[in-house]
Amino acid sequence: MVQQLEKNQIIPLEITGLTSEGNGVGHYGPDRFAFFVPNTAPGDRAQVRVVKLLKNYGYGRLEQLDKPSEDRISSSCPVSGQCGGCSLRHISYEAECRIKNGWIQDSLRRLGGFQISMEPFQPSPDPDRYRNKAQYPVGRDENGRIQIGFYAKRSHRIVDSGGCLLHPPVFSEIAQAVGEFLTGHKIEPYDEASGRGLVRHLYIRMGKISGEIMVCLAVNGETLPHAKGFVQELTSKFPMVSSVVLNVNRKKGNVILGDRCVTLWGKDAIRDVLAGVEVELSPLSFYQVNHDSAEKLYQIAGEYAGLSGGEVLLDLYCGAGTIGLSMAGRCGRLIGVEVIPEAVENARENARRSGAHNAEFLCGDADQAAAQLAEKGIRPDVVVLDPPRKGCGAATLEAVASMSPERIVMVSCNPATMARDCRLLEEKGYRMTRIRGVDMFPRTGHVETVVLMIKK
């Protein structure tokens, strides 16, 4: 089929699927040659221009919409077309949840070989304004003016972020005020190509329950000119700002934060409460960006854990400990494992503030720590796994299975690695009994899954 197609040819196409990048999927001709087309939705019938041809698939551009999908909507975000962050904003939220649930089901069947009825998908309590953290690159636009916004899709070109519907409105207001201050005091933004300039990123985080806001500038240096004036201007305009911090990042490349923070004013960390756990958030602390949806996810994970009061609970990849600590009152002993030392310290402090005297946190790689605990004869009744996108890996799952817990609760941000890891657990004597999708990142191509595996 590819020999019969040419670049710039316009073909009729019906869109039947949607990828996590927001590209519609359609098949052309008797050979059903696959095309990926941005800004289309399942059910669209369209005229598509061929823009790239590969051996087994191609890419197209929407030229004309002959019949729109019933799921298609007009984007309500003024900047979504520029930044590309919301890959699913052109479909209704109900359709988004249905499609994300389908992604999980497809991974289960295709990659894991599972046939199981999924529990009802858990939507986010609010699909807009849910993010409690923003990271804005700072640079100059084509006219030389300081620009604070987002990177355009697949580029390092900064575009306007004002009015972004994923963030609280105050984030855009703070970004505008910071840009005006930098311009007025002739403070140079960082230039990635030359390595010169000072201000690299504006980083804002907010406690959903406390309302406290931290404003952090990541800088290619040790100090900020006119720092006192900067603090005074921010705190006078935004009384909810409780912390103003410099993050020192002198490394080349596009890593956002360095390892060292200097507090210019206020507290070193802001407060929040997640699932009953009081937490402190420094610029380097991991925290769920969707507070309300995270509480739903923790509730489901706690239900799957089935704790009755005396169990040993092992929380691997525990981060700042919030998932395990949300269950600490229902188990006899909580052991958390995390490889990042700062996160382990955060977890210990969170346990102390929450009064979780039955909790201990170890610093180490998940598979090594799990193997060491198994060698010591520690036999958890329940294991919670919350791995990164790459999944757990065979060594971690081998160590977990060797401890023979009754239940394994997996919280995954990647349906593909979730299906793979659950297949490995099935081979090691566990059976998938419950699974539910949770939307932590509405309007984007990410979805969380909670799985319960029970020892056969």
For segment 89-166, averaging the sequence separation of alpha carbon pairs under 8 Å that lie six or more residues apart and dividing by its residue count, the contact order in percent is 19 percent
Report the FRET efficiency, 1/(1 + (r/R0)^6), for Asp66 and Val255, where r is their Cβ-Cβ distance and R0 is 51 Å, rounded to 0.05. 0.65
Tell me the label-point distance for the pair Phe286, His185, using the 7 Å Cα-to-Cβ offset, in nm and rounded to one decimal. 3.4 nm
Note down the magnitude of the dipole of segment 133-276 about its Cα centre, charges +1 on Lys and Arg C-beta and -1 on Asp and Glu C-beta and zero elsewhere, to the nearest 20 debye. 320 debye
Going fewest to most other Cβ atoms within 10 Å around each Cβ, Thr183, Thr235, Thr449 line up as Thr183, Thr235, Thr449
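For the chain, what proportion of DSSP beta bridges, expressed in % and rounded to the nearest 5, is antiparallel? Provide the component values of the computation, followed by the final result.
On the way: 67 of 97 bridges.
Approximately 70 percent, going by the DSSP bridge assignments.
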Sequence-separation-based contact order of segment 45-121, relative, with Cα cut under 8 Å and 6+ spacing, percent: 19 percent
Farthest positive-ward along the chain dipole, Cα basis, beta-carbon charges - from Met206, Cys363, Gln47: Gln47
When the dipole is taken about the Cα centre of the chain, and only Lys, Arg (+1) and Asp, Glu (-1) are charged at their Cβ, what size is it in debye, to the nearest 20? 700 debye
Counting other C-beta atoms within 10 Å, and keeping those with at most 16, which DSSP coil trypsin sites (Lys or Arg not before Pro) do you find in segment 201-289? Arg250, Lys251, Lys252, Lys267
Can you put His357, His201 in order, fewest other beta carbons within 10 Å first? His357, His201
Suppose a student asked you for the relative contact order of the chain, using Cα pairs under 8 Å spaced at least 6 residues apart; what percent would you report? 12 percent
For a quick check of your reading of the filter: which GluC sites (Glu not before Pro) in segment 373-413 sit in a DSSP loop and have no more than 16 other Cβ atoms within 10 Å? Glu406
Please identify the trypsin sites (Lys or Arg not before Pro) of segment 1-54 that satisfy two criteria: DSSP loop assignment and at most 11 other Cβ atoms within 10 Å. Which are they? Lys7, Arg32
Neighbour-count order for Ile378, Ile91, fewest beta carbons within 10 angstrom listed first: Ile378, Ile91
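For the cross-link pairs Lys153/Lys390; Lys55/Lys428; Lys7/Lys153; Lys186/Lys208; Lys100/Lys133, which exceed 27 Å when the distance is taken from alpha carbon to alpha carbon? Mind dumping the intermediate values first?
Working: Lys153/Lys390 23 Å; Lys55/Lys428 39 Å; Lys7/Lys153 23 Å; Lys186/Lys208 34 Å; Lys100/Lys133 23 Å.
Long pairs (Cα-Cα over 27 Å): Lys55/Lys428; Lys186/Lys208.
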Projected label distance in nm at Arg154 and Glu94, using a 7 Å step from Cα toward the beta-carbon: 3.3 nm
Bridge orientation stat for segment 188-260 from DSSP, antiparallel percent rounded to 5, came to 50 percent
Just tell me, in residue order, which DSSP H segments of the chain are both 27 angstrom or longer along the helix axis (alpha-carbon based) and at least 1.0 in mean Kyte-Doolittle hydropathy. none
Which labelled figure in (i) 34.5; (ii) 24.1; (iii) 26.8 is Kirkwood radius over Cα pairs in Å, once derived from the coordinates: (ii)
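Every number here is computed from the coordinates shown, using simple stated rules; none is lab data. For clarity, every value in this text was computed on a predicted model and none was experimentally measured. We place every Cβ from the backbone using ideal geometry, glycine too, and count neighbours over all the protein chains shown.
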